[in-house]
Structure formats: C-alpha cells, structure tokens
Amino acid sequence: MENLRKYGNEPFNVAVIHGGPGAPGGMAPVARELSQICGVLEPLQTANSIEGQILELKDILENNAESPVILIGHSWGVWLSYIFAAQYPQLIKKLILVGSGSFEEKYLSTMKTNRTSRLTEEENLRVEVLIRLLNDPNNENKKEVLSEFGKLMSKADSFAPICLENEVLDFQPDVFQNCMNEVTYLRKSKKLLEIGSKIKCPVIAIHGEYDSHTFEGVEKPLSKVLKDFQFILLKDCGHYPWNELYAKDKFYEILYQELSSK
C-alpha cells in the first residue's frame, strides 16, 4: 500500500488525516469532496508508533504540500494532527478536528456507557470477545477481528448513516494496538492535554452531538489550553459527519467556510 493519495490539483495545502489508528483510507470521501475547491493530500499512516506516524506525516508534507497547510483530522487523526501541530507549528496553518476522542480520562466512562446502550446484548458480548481476540498474541486473524470491531463501533457511533460501508483500505491491528497504548498513556498522565499549549495556529473542533465520544471531553479540556479555539456541535450527527443524513451538508458547509478563509 502506498502511503499517499492526492486529490485535485496543485498546490496541495490541505491534508486529511484518517482515524483508527490502523484504518487508512477512511477519509477518502472528505478528500474527494474538498478536491473540488483545492488540492488535498490523504496520507495513509503505516508506522506503529506515534513518533513514527509524526515523521511519516512530516516527510509527506515537506515533499508534497505547499506549507503551511490545513490539517483535517478525524478520530485518531485528531490526536495525531494535534501532536504534529505542537511539534511542527511552522508547517501548520489551521487545525480542524473532527469527531475527536476525549482529551481527559474522566470522560471515558460516558463513552463506554453510550456504546453499550446502543448495541444489543448479543453485540456487546461479541465486543468483549473481539477485544480478547485483539489482545491474544496467538491470534492470526486480527485484521478480520479489527474490521468486525470497527463495524460494531461504527454502528454505536452513528446517528443516521447514509452508507454502512467504509473505505478503509487495510486494517492494521499492530498499528491500532501500539498507537492506542501510547496515546492512552499520554491521556492518563495528562501529557496529551499539556501538548496543546504549544499549538500556535487556530483550531476548530467539529463534533456530532450523538457521537459516543462525549463532546464535553473535547470542548472543555481544549478550551483550557488552546489560545485560538472554536467548538462546533452538530445536531443529529454521530462520529462520521460526512456520512450522516442530517448533518452532512452542514459539515461540508463548515469545511468550505474554513478553507475559504484560510
């Protein structure tokens, strides 16, 4: 798998950063849509550490983009973009954070409760099995396990999905586990939030009201550490705004506005 796809024409001054971690390709619909008005890069992360993905992204931007760029991160891609902007502020003009996980550990119980309540008893039991399989070093079918796990989480996280299929190219279980372990430590130690004090560019967070990741876990912590921060809550919207029947148009309206004011 190549680690970069390009949409539209030069100059490339916008990059979409996919979630997961270990789920490259998920931001393709957003890249295609935005390429109507600007050149868009879609990095496909392959490294199995945060620092490795940071260096991958730096190499891609330095060799393909017209800096400074606008980073649009989704889910895991929010944290990666956030950390990247703190380390390399000269390369980033604006951050747009979509469907972020919570920045403080205390909000995790709400996310878990939300997901559990939206799945059937059978589905919740299956989630427990899948988590055990992901953590089993002898399991050789982790890609299939991560794919199934992702589908169940997507169901719990979506309000009125337009399409049930995603565009993930290749599930990467090792990347998922290693990077999540690292960011879990950063969040628990409060270092994740502290990183925000080094971000110099404007930051816009877009969050679905129905997203299992509670919006308070994004809005409240980030408003404490970011100097230029705006939070936008979308009604009737889950974790994937571009795939939500009632929020898609508003989501793209916001993105177009932010890109035109770049």
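The values are calculated or read from the model by the stated rules, or taken from the named source; none is laboratory data. A quick note: this is a predicted structure, and the numbers were derived from the prediction, not measured. Here the Cβ is made from the backbone with ideal geometry for all residues, glycine too, and neighbour counts use every protein chain on show. For the accessible areas, the whole protein counts, side chains as well, though only heavy atoms, and no ligand, DNA or RNA atoms are used. Shrake-Rupley method; radii C 1.70, N 1.55, O 1.52, S 1.80 Å.
Quick rundown of the values:
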item: Count - residues of region 164-192 that are farther than 23 Å from LEU130 by Cβ and under 16 Å from the mean Cα position of the chain (by Cα); result: 1
item: Search result, residues across region 80-109 that are open to solvent by 60 Å² or more (accessible area, probe 1.4 Å) and within 21 Å of the chain's Cα centre (by Cα); result: GLN87, LYS93, GLU105, LYS106, SER109
item: Verdict on ILE204 being closer than 19 Å to LYS250 by Cβ, open to solvent by less than 20 Å² (accessible area, probe 1.4 Å) and modelled with pLDDT of 95 or more; result: yes
item: Single residue of region 187-219 satisfying the filter (of a type outside the set (Ser, Thr, Tyr) and without any contact (Cβ under 8 Å) to a residue 60 or more places away in the chain) that is farthest from VAL78 (Cα to Cα); result: GLU209
item: Odd one out for PRO29, checked against (1) outside any strand (DSSP E or B); (2) in contact with a helix residue (DSSP H, G or I) (Cβ under 8 Å, 6 or more places away or on another chain); (3) open to solvent by less than 10 Å² (accessible area, probe 1.4 Å); result: (3)
item: Some residue of region 231-241 being in contact (Cβ under 8 Å) with a residue 24 or more places away in the chain and among the small types (Gly, Ala, Ser); result: yes
item: Among (1) over 25 Å from ALA31 (Cα atoms); (2) free of Cβ contacts under 8 Å to residues at least 40 places away in the same chain - the single one LEU134 does not satisfy; result: (2)
item: From the options ASN166, ASN141, ASN135, residue that is within 23 Å of PHE215 (Cβ to Cβ), open to solvent by 60 Å² or more (accessible area, probe 1.4 Å) and modelled with pLDDT under 90; result: ASN166
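A quick yes/no check of all residues on (1) in a loop (DSSP other than H, G, I, E, B); (2) over 22 Å from ASP174 (Cβ atoms); (3) charged (D, E, K, R):
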{"residue": "VAL16", "(1), (2), (3)": "no, yes, no"}
{"residue": "LEU41", "(1), (2), (3)": "no, yes, no"}
{"residue": "ASN63", "(1), (2), (3)": "no, yes, no"}
{"residue": "ILE83", "(1), (2), (3)": "no, no, no"}
{"residue": "GLN90", "(1), (2), (3)": "no, yes, no"}
{"residue": "LYS93", "(1), (2), (3)": "no, yes, yes"}
{"residue": "SER100", "(1), (2), (3)": "yes, yes, no"}
{"residue": "PHE103", "(1), (2), (3)": "yes, yes, no"}
